[in-house]
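The values are calculated or read from the model by the stated rules, or taken from the named source; none is laboratory data. What you see is a predicted model; the values in this text were computed from it and never measured. Every residue, glycine as well, gets a Cβ built from its backbone with ideal geometry; the counts of neighbours run over all protein chains shown. These area figures cover heavy atoms from the full protein model, side chains too; ligands, DNA and RNA do not enter into them. Shrake-Rupley method; radii C 1.70, N 1.55, O 1.52, S 1.80 Å.
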Amino acid sequence: NVIVIFMFLSALASFYLTFLIFPAAASYREAMGEETFIKPQKYLVLLIAVLLGISDAGFNIILNSLIGRLFQSDSEIGFMLLNAVMSSSSAVVFLISPYVSLYALLGAEAILCTMATICVTMDLFRTGK
């Protein structure tokens, strides 16, 4: 459970740092010279990448273990559904990103990450693991 909370906090920290150093228009056009809250630095971008990598790897491990537990007799279907949902959501974000600001995408991602963390934590408490 501590690992889930750590991954959640690392994801939120990376979203917040992204919010601070990139302008809102960064998702759909080159935003050189636009105002940001903090001056972008390569070390901060590297920190964001590390935090996103930690949270993404952790959430993928947890999702794979949950799918393995839920679909014990027919795990191929579970992993196929997981990959289909992940690919579809990536395609949707890729298609809407030219029309939506970076801040809106970060907000939606933070909300979905919070909901996923709550669900995983509730499942871990329910099963006692």
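Every Cα-Cα pair of the chain was included, and the share exceeding 24 Å stands at 38 percent. Ranking GLU76, GLU35, GLU109 from most to least accessible surface, computed with a 1.4 Å probe over the protein chains only, gives GLU35, GLU76, GLU109.
Extension gain, ALA13 to GLU76: 0.36 nm times the residue separation minus the Cα-Cα distance gives 19.3 nm.
Report, in degrees rounded to the nearest 10, the 0 to 90 angle that the Cα long axis of helix 102-127 makes with the longest principal axis of the chain. Around 20 degrees separate the two axes.
Entry note, the chain: the mean residue ellipticity at 222 nm calculated from DSSP H runs of n ≥ 4, each adding -39500 (n - 2.57), is -26500 deg cm²/dmol after division by the residues and rounding to the nearest 500. For the peptides 82-95, 10-23, 60-73, residues were scored by their other Cβ atoms within 10 Å and the scores averaged per peptide; the highest-first order is 10-23, 60-73, 82-95. Estimated translational diffusion coefficient (Stokes-Einstein, Kirkwood radius over Cα pairs, 10 °C, 1.306 mPa s) of region 35-110: 105 µm² per second.
In the chain, taking the dipole from charged Cβ atoms about the Cα centre, the farthest positive-side position among SER73, VAL100, SER10 is held by SER10.
Relative to the longest principal axis of the Cα atoms of the chain, the long axis of helix 75-96 makes an angle of roughly 20 degrees.
Structural descriptor for region 1-118: relative contact order 41 percent, calculated from alpha carbon pairs under 8 angstrom and at least 6 residues apart.
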